[in-house]
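Student: Input: one structure, supplied below.
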Amino acid sequence: MGCAPIPHAAKIVPEINGHILLNGVPAVGAEVIQCISHDGNKCTKNRSVKTDEKGRFKLKARREFRWYVTLLGDEMFAYGFRVKYNGVSYTGCSGTDLGVLENVPNITYELTSKQECNLSHGW
């Protein structure tokens, strides 16, 4: 892997828009929580947003200042969110992608679903 000294703001988490539902009904006021700083496998800092009257939320993209640009190979990015609603914590959704991150335009997360909620665009 090679790098070049080109300072820039790298997109490290895509913008995520979606709906949170509980039994098909909008989860109004649900807290959508995203980890924004890690120390190993432990989250050290979060940011969160509340869902609106239709259960909608929007997590803005995150950028990070970098001194170098990767020239060979693609960087791997991991991202996601968890949900807290009526005092109950839910797993939420996660994704991983290589290279340039595209926004996640419309994810629907049903709190009662046992299926994995995957945000990855995949290749």
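Student: Below 15 angstrom from the Cβ of GLU110, what's the summed charge of the other residues (Lys, Arg +1; Asp, Glu -1)? Numbers along the way, then the final one.
Tutor: Details: positive: LYS54, ARG56, ARG82, LYS114; negative: GLU116.
Cβ neighbours under 15 Å give a net charge of +3.
Student: Which lysines have a Cα lying under 17 Å from the Cα of LYS114, excluding residues fewer than 8 positions away in the same chain?
Tutor: Here the lysines satisfying the reach criterion relative to LYS114 are LYS84.
Throughout, read-outs are computed from the coordinates displayed, never taken from laboratory work. Note that the structure is predicted; figures quoted are calculated from it, not measured. Virtual Cβ from ideal backbone geometry, glycine too; neighbours counted across all protein chains shown.
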